Protein chains: 4
Amino acid sequence: MKLVPRLAEQGYRNDLVAERRAWMTAQTGSPLQHVGTFSLDMEACRGNIENPIGVAQIPLGVAGPLRVLGEHIEGDVYVPLATTEGALVRSYERGMVTLTRSGGATVRLERDENRVCPLFMFDDVAAAADFARRLPAHLEEVRAVAQTTTSHGRLLRLDVQQVGREVIVTFAYFTGDAQGMNMIVKATEAACQWIVGQGLATRFYTFSGYNSEKRASGSLMAGGKGKKVVAGATIPRRLAKAYLHATPEALHHLWQRTVIGHLQTAALGYNGHFANGLTALFIACGQDVANVANSAVGITHFEVTTGGDLYASVTLPSLSVATVGGGTGLGSSHECLQMMGCAGTGGALRLAEITAATLLAGELSFGAALASHEFVEAHETYGRNRPAEETP
Amino acid sequence: MKLVPRLAEQGYRNDLVAERRAWMTAQTGSPLQHVGTFSLDMEACRGNIENPIGVAQIPLGVAGPLRVLGEHIEGDVYVPLATTEGALVRSYERGMVTLTRSGGATVRLERDENRVCPLFMFDDVAAAADFARRLPAHLEEVRAVAQTTTSHGRLLRLDVQQVGREVIVTFAYFTGDAQGMNMIVKATEAACQWIVGQGLATRFYTFSGYNSEKRASGSLMAGGKGKKVVAGATIPRRLAKAYLHATPEALHHLWQRTVIGHLQTAALGYNGHFANGLTALFIACGQDVANVANSAVGITHFEVTTGGDLYASVTLPSLSVATVGGGTGLGSSHECLQMMGCAGTGGALRLAEITAATLLAGELSFGAALASHEFVEAHETYGRNRPAEETP
Amino acid sequence: MKLVPRLAEQGYRNDLVAERRAWMTAQTGSPLQHVGTFSLDMEACRGNIENPIGVAQIPLGVAGPLRVLGEHIEGDVYVPLATTEGALVRSYERGMVTLTRSGGATVRLERDENRVCPLFMFDDVAAAADFARRLPAHLEEVRAVAQTTTSHGRLLRLDVQQVGREVIVTFAYFTGDAQGMNMIVKATEAACQWIVGQGLATRFYTFSGYNSEKRASGSLMAGGKGKKVVAGATIPRRLAKAYLHATPEALHHLWQRTVIGHLQTAALGYNGHFANGLTALFIACGQDVANVANSAVGITHFEVTTGGDLYASVTLPSLSVATVGGGTGLGSSHECLQMMGCAGTGGALRLAEITAATLLAGELSFGAALASHEFVEAHETYGRNRPAEETP
Amino acid sequence: MKLVPRLAEQGYRNDLVAERRAWMTAQTGSPLQHVGTFSLDMEACRGNIENPIGVAQIPLGVAGPLRVLGEHIEGDVYVPLATTEGALVRSYERGMVTLTRSGGATVRLERDENRVCPLFMFDDVAAAADFARRLPAHLEEVRAVAQTTTSHGRLLRLDVQQVGREVIVTFAYFTGDAQGMNMIVKATEAACQWIVGQGLATRFYTFSGYNSEKRASGSLMAGGKGKKVVAGATIPRRLAKAYLHATPEALHHLWQRTVIGHLQTAALGYNGHFANGLTALFIACGQDVANVANSAVGITHFEVTTGGDLYASVTLPSLSVATVGGGTGLGSSHECLQMMGCAGTGGALRLAEITAATLLAGELSFGAALASHEFVEAHETYGRNRPAEETP
């Protein structure tokens, strides 16, 4: 058994990365030339990757303009999307142009928090109940302890849920522009240690699974795991027909029929393809892409207004996005965030709004392709289909 | 409103990609220098991306060796993982080394198919029932029509489900080494047109939502959306303690407690962090990363054997992986597949087995970090923690 | 600790039932006079109840006429409903009269089976996979063994699903007019013993939880646990307004809005109040009322037809009803089944059709009450509101 | 089409009930003699049933003694169970005796509330967000309005959730000993009218489906729909073996294996057969039996303690029970509540505790039957099996 070579200082220097890559080529026969072609500063990736050999190069396209009418951005943006699924960028672009021509997508944030949900174990249900009843009174002390570990996260509240002789405690935090899991896990662990130190409990696990990060669950609908964002727009009938090739009635009809399919398959929520847009945007922008598992749970709605237009909306109850920390500061990721004016501190809510508007665009275009039976055709001609604006 | 420039031949030539990138820099102020540094052949990306401006560079590390005892691979591999989550590669590596020292991960495939699930609409439930009863008799004709459109997909069977006056028909296909959605959607649409032409039905949508691609649903547990793969291994008590710093009992205890958290949060299945490994592997290997939404639904199990060792397993009912089509042939993706001997025709089942073994490694290491309360510490020191093999 | 008295022959004779009742009065102070007033033959209840002290008297009303256009009944019935929820009978009656005036509810059965899903345990995933692959070839032998235990149940097929080192096997049976769980559990246990005797497996549990009897689960949508039945009807606009006080558009609007609420609450399926009608009918007719937990999972759909009428449907994927066995032959239960021509052999499919039509009636009336904002008013005046037919 | 006869004063007088019953016999040929044998005061059922023809007689047995160590009852009770499923009473009795011999079941209530969740509709997501942000400030006014309609319900809080251009508002109430839906729906409707009157919103539906009453959903796990109750007990190893014929390890083994089955079937929560005990108790005690659909969602846990004993618990997050209103005051229902000291005001929390302890008993006995492979045998001999106490 040959371990991956252990190199000096964990091997982030370019020559050491190359040495490891060469070793890997020797072991596997793969040339790794593309992997070895990059401009990323590998030393800067310390803390993001281990055993580095280079980069994955993911094709990056842009879609837009997308007019976003949020509370953190009011204007047009171009959205970077990294994907290898043909027609995806073109489809999102079509939706964006439609939205922009229609006046833009209105976006609102309802909640902005993240959570860690340790579980405490007791000898019997009475002891667990005692703890569940007593803990809330210690909020201020717990908060003080949690915040000794971080200057960025802020403990908002504690929620307790007893299950048998366990108590799951939700530590809900505001984490600013960071996704913040490392930060709040550390804070929570400190708080749990304090709780034990006080004799309130004796045993705990820092993770109970209840927080539902990076996995899909029914509880995500109620929010609390990331940012809850809602985007909506009225698409005038004329523009729906011109750009989407579908009437408002056709899109509503599709919606109500495919809701049935979602119910029948026991899906969480309803959406056309949230995961596509989220994944492409997350890869482009240095997000933790595994958070697609929770972020893609949400609801799309297509309705006909009393005036005969289309009202379309998306609700993302548990969206995980960040503009500081993780991979957000690295090379192409940083540049992609810059493209949208979202890089660094103060960018996360703007990014959340853009993300919701992007998904709304994707739902419109995907739904329209299905409603108008153009989906196969679009995928047949993907990169070669006519750009959105030339259509009408 | 400024549209993204429309360039000659959709603009895949390097100079045109640069022109578009420069235009984007002018619009947004982002330098896009890292985005513009790549070796990928953009002409080859026609069909994978539109409006290209370059690439996203995602840090790529390697973990291994991972001994896989499957039916399509029996041997050790090194697994490329593209991520920006610190400690992830190190954690998977620890699990892989543990598995390999324990003799390897045994993997079995139970199903290998993909599906498209159109819905047919009727005037009333009686007409829908008639259709649902009559369609199965037309399997051979439907298959013949579907296969006029593809030489790779093979229609395995039709399943019908009536809901009100609709009938959802599952077209189940074998798609070989391709993920194959475009192929089987096209085949299904042809079949649906034939069904209408025969007067069996008059209206349909090609997608009902029932197939649950790129979204999470309860029906995924039963398989049918991609490959169903199961991986398992016995970890001798001694090695569990040495490499994972946890006894079999400790891991089982963690499992049974956190299952409670999963039930309480109304999660689909149970797992520690399938999405992490899947995402990193999918980005590295040119997979359709949005398929993480369905692929991450599955079940991990930690048990203590009668001999006092640990038996750990992962079950992935709906794993979407491919080695031909999509982004699998491009630059670094192709090289990453080559690293594992999975590039091209004949590689998909091998890739599925490696993926399952990789996730098993990740579950072991993550579970152990939680059980031993080392999770925070590991994330504090991520790239700097001691390599796995040095531990004991 | 005083045990409930042990009486001769388990104490089903009337005097012994009275003796036990008197003892219970002595212990608890409850007079139990109503409990002791009954005409049920307690000796006949041997096999249905233990430690009997009398009966629960549940108020029984009737609703109808309900015109059912099924394949096992074509005509009008009156439906017995036992409940204490005021307005329930009146509400169902309103729906039934509306359906009947509209020509009746069309009903179709798609599946008729019941299942037991034992799990087999193996040492590792390879052994489990071997079993999963080999078992299907033994279908005929397994069937032969299963059927040595019963002359009524018929093993239709075996489905296997591997999870880790377990294999869950679905034994799907046709059980005729019986709900049949005791019968098919016994048959399955015999089959499992045979499987072990053949050396195919060594350890099993007869129940894995997968069958989802008496509990709600996503897998119920696909059927297999009881009878799958679909009922639908076109309600002319004029009649919708006259009887339901709501236009087709109003009912559709309500539907699409409240589907959102169901998605948001992570419900299984969608319906207004299936559980109400099912419970009232099940109590009246001697069904196993706990089966409401699985039977109530289903989908209601309200649509506006192209002609401007209402199309309403209900889909019950996992309905458990029976006309032989259990409590179906006892006193008032038998009489209630007789009322609908469903008593005894040959009645179960007819009962399934009537049940589906009944639920459709209930969904129409309940939905209409919400859409027209008459719900509170109806419950305020329940037993006193104007009978349905007097309305227009 | 013959309507059910319209009789004087809605026909609750005994002679009118008999007249209706005779008419029904004439229509259907069913003698309805058992239906017509009852002591229930039909006039008192006005408000519980319409078109009454008599009663359903459901066999009623008793199980116990059950020692409950709650905060509203500390002592032994006998529990009335109305069912036609043979072996059910005997099985619950076995569990109860086991619990009692082990010192009793400890029970704790965590929440006690009920909810109505109207939805408000707006023209766009911005207007919906405005409403969602502004409403909480009106809590006191809303509460004042709601409470003009009821002296029993108390509005605890308002929770808002935006979905697209809708806002679902949870009105959470304390309802005392009543299940209280009629009361709180009326209060909520008054509050909604006030909200509209204030110009805060213009359109609403009183029900969104979000409250999840009488249906199963993921959100029920978090409580809020009824009483949340947890019951647990330590069963000494010796007693587990003597009464349950299973070691603690055997029960834990069964639990961990069948949790897998629950996950695989996409079940909500985990339990052996909550629905059985709930249904039998609800029918006996005049509860709204349709509430089994929500009440049966919960979690059972079997663990081995460090001392080698069994710790068993049940968690019922959304239990609907009442001791005033509905059918609780009628004939046999009232007597059954009296048996447990739960009739009338002040009884509901006691009833909730007894219910949880009863289900714990049922889970122990059912689980043990499966673990010891005695399930079939028990059902073969049901009414004839040896009483629990004689076993050891």
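Conditions (1) closer than 19 Å to residue B:57 by Cα; (2) surrounded by 24 or more Cβ atoms within 10 Å (Cβ to Cβ), marked per residue:
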position	(1), (2)
B:256	no, no
B:272	no, yes
B:289	yes, yes
B:293	no, yes
B:304	no, no
B:334	yes, no
B:341	no, no
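For region D:114-128, a residue qualifies if it is outside any strand (DSSP E or B) and either without any contact (Cβ under 8 Å) to a residue 40 or more places away in the chain or among the hydrophobic types (A, V, I, L, M, F, W, C) (or both), and the qualifying residues are D:117, D:122, D:125, D:126, D:127, D:128.
If we scan region C:228-235, do we find a residue that is more than 24 Å from the chain's Cα centre (by Cα), more than 8 Å from every other protein chain (Cβ to nearest Cβ) and part of a helix (DSSP H, G or I)? Within region C:228-235 (the criterion being more than 24 Å from the chain's Cα centre (by Cα), more than 8 Å from every other protein chain (Cβ to nearest Cβ) and part of a helix (DSSP H, G or I)), the answer is no, since none of the residues qualifies.
One residue stands out in region B:255-274 among those that are polar (S, T, N, Q) and within 11 Å of chain D (Cβ to nearest Cβ): the one that is nearest to residue A:35 (Cα to Cα), namely B:271.
Residues in region C:1-28 that are within 7 Å of another protein chain (Cβ to nearest Cβ) and assigned to a loop (DSSP other than H, G, I, E, B): how many? Total meeting the criteria: 5. In summary, residue A:183 fulfils each of the numbered conditions (1) part of a helix (DSSP H, G or I); (2) modelled with pLDDT of 95 or more with the single exception of condition (2).
Cβ-Cβ distances below 9 Å connect the following pairs, each with a first residue in region D:13-24 that is buried (at least 16 other Cβ atoms within 10 Å of the Cβ), a second residue that is assigned to a helix (DSSP H, G or I), and a separation of six or more residues or different chains: D:16/D:8; D:16/D:9; D:16/D:10; D:16/D:42; D:17/D:42; D:24/C:339. Taking region C:343-356 only, how many residues are within 13 Å of residue C:66 (Cβ to Cβ) and within 11 Å of another protein chain (Cβ to nearest Cβ)? So the count comes out to 1. If you check A:279, A:328 for being surrounded by 22 or more Cβ atoms within 10 Å (Cβ to Cβ), at pLDDT 95 or above and touching a His at 6+ places or on another chain (Cβ under 9 Å), only one passes: A:328.
If you go through region A:212-222 and keep only what is at positive phi and within 14 Å of chain D (Cβ to nearest Cβ), you end up with just A:212. Does residue B:277 satisfy being on the phi > 0 side of the Ramachandran plot and under 27 Å from the mean Cα position of the chain (by Cα)? Answer is no for this residue.
Where residues in region C:126-166 are of a type in the set (S, T, N, Q) and surrounded by fewer than 21 Cβ atoms within 10 Å (Cβ to Cβ), which of them is nearest to the other protein chains (Cβ to nearest Cβ)? Restricting to residues being of a type in the set (S, T, N, Q) and surrounded by fewer than 21 Cβ atoms within 10 Å (Cβ to Cβ), the top hit is C:149.
Is it the case, given these coordinates, that residue B:205 is more than 30 Å from residue A:168 (Cβ to Cβ) and not hydrophobic (A, V, I, L, M, F, W, C)? So residue B:205 passes the test. So, of the residues in region B:65-89 that are part of a loop (DSSP other than H, G, I, E, B) and within 26 Å of residue A:79 (Cβ to Cβ), which turns out to be nearest to the other protein chains (Cβ to nearest Cβ)? My answer is B:84.
Once region B:96-112 is narrowed to residues that are outside any strand (DSSP E or B) and hydrophobic (A, V, I, L, M, F, W, C), the residue that is surrounded by the fewest Cβ atoms within 10 Å (Cβ to Cβ) is B:97. When residue C:48 is tested against the conditions (1) in contact with a helix residue (DSSP H, G or I) (Cβ under 7 Å, 6 or more places away or on another chain); (2) at the interface with chain D (Cβ under 7 Å from one of its Cβ atoms); (3) closer than 22 Å to residue D:286 by Cβ, the lone failure is (1). Criterion first (more than 7 Å from chain A (Cβ to nearest Cβ), assigned to a strand (DSSP E or B) and within 20 Å of the chain's Cα centre (by Cα)) does residue B:62 satisfy it? Taking the combined requirement at face value, the residue does not satisfy it. From the list A:289, A:297, A:304, A:324, the one residue that fits, being touching a helix residue (DSSP H, G or I) at 6+ places or on another chain (Cβ under 8 Å), under 23 Å from residue A:64 (Cα atoms) and among the aliphatic types (A, V, I, L, M), is A:289.
Yes/no matrix, rows are residues, columns are (1) buried (at least 24 other Cβ atoms within 10 Å of the Cβ); (2) over 30 Å from residue D:342 (Cα atoms); (3) touching a residue at least 12 places away in the same chain (Cβ under 8 Å):
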site	(1), (2), (3)
D:178	no, no, yes
D:183	no, no, yes
D:189	no, yes, yes
D:194	no, yes, yes
D:199	no, yes, no
D:204	no, yes, yes
D:214	yes, no, yes
D:217	yes, no, yes
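For every residue, the table says whether it meets (1) among the aliphatic types (A, V, I, L, M); (2) within 23 Å of the chain's Cα centre (by Cα); (3) within 13 Å of chain D (Cβ to nearest Cβ); (4) in a loop (DSSP other than H, G, I, E, B).
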site: A:191; (1), (2), (3), (4): yes, no, no, no
site: A:195; (1), (2), (3), (4): yes, no, no, no
site: A:204; (1), (2), (3), (4): no, no, no, no
site: A:207; (1), (2), (3), (4): no, yes, no, yes
site: A:210; (1), (2), (3), (4): no, yes, yes, yes
site: A:224; (1), (2), (3), (4): no, yes, yes, yes
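Check whether at least one residue in region A:338-349 is under 17 Å from residue A:270 (Cβ atoms) and in contact (Cβ under 8 Å) with a residue 24 or more places away in the chain, and report yes or no. Within region A:338-349, not a single residue is under 17 Å from residue A:270 (Cβ atoms) and in contact (Cβ under 8 Å) with a residue 24 or more places away in the chain.
When A:277, A:308, A:326 are checked against the criterion of being within 9 Å of chain B (Cβ to nearest Cβ), of a type outside the set (A, V, I, L, M), in contact (Cβ under 8 Å) with a residue 12 or more places away in the chain and over 18 Å from residue B:296 (Cα atoms), A:326 stands alone in meeting it.
Please verify whether residue D:93 is charged (D, E, K, R), in a loop (DSSP other than H, G, I, E, B) and crowded, with 24+ Cβ neighbours inside 10 Å, treating the condition exactly as stated. When the stated conditions are applied, residue D:93 does not pass them.
The values are calculated or read from the model by the stated rules, or taken from the named source; none is laboratory data. Owing to the predicted nature of the structure, the values given are computational and were not obtained by experimental measurement. A quick note on method: Cβ atoms are made from the backbone with ideal geometry, for glycine too, and the neighbour counts reach across all protein chains shown.
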